[in-house]
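Structure, as structure tokens:
Just so it is clear, none of the values below were taken in a lab; they were calculated from the coordinates. Keep in mind it's a predicted model, so treat the numbers as computed, not measured. Counting neighbours? That spans all protein chains shown, and the Cβs are built from the backbone with ideal geometry, glycine included.
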């Protein structure tokens with residue numbers, strides 16, 4: 001498998017851009033207070049999000065980032081179907097992974113992009 005296309009990250013609360021390509025929400029829960037129209041999501045792939053247990057354990061604690069990444073990568077290895085969907089879309093063009101977290105550097109979308117780039 002290879003995700004050689006362009007993978008971008010963007011907070012789902014930010015205004016969509018024409019350069020976003022396919023916009024994929026990779027959070028398990030819909031972003032609070034955001035309408036579907038404003039989010040402009042092409043695909044909500046909640047099954048690729050970290051498990052509820054992993055998300056709760058991480059709690060966006062920067063000290064747990066490294067361990068979160070490793071545990072999330074394990075979950076992604078066991079979730080080949082959802083990973084393949086993104087890989088297929090990325091091979092066809094630009095994909096923007098959308099997330100709701102405030103931390104733009106340490107979030108599940110950033111970890112997912114790193115994982116996809118390693119394939």
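Here are some notes:
- Sites residue 117 and residue 32, calculated FRET efficiency, Cβ-Cβ separation with R0 30 Å, nearest 0.05: 0.55
- Computed over region 7-117, the P(r) tail beyond 26 angstrom holds 12 percent of alpha carbon pairs.
- Burial ranking of peptide ranges 102-111, 64-73, 13-22 (average Cβ count within 10 Å, highest at the top): 102-111, 64-73, 13-22
- Here the simple spin-label model places points 7 Å from the Cα toward Cβ, and for residue 52 and residue 11 these points are separated by 2.7 nm.
- Annotation: peptides 30-43, 79-92, ranked by per-residue average of other Cβ atoms within 10 Å with the highest first, follow the order 79-92, 30-43.
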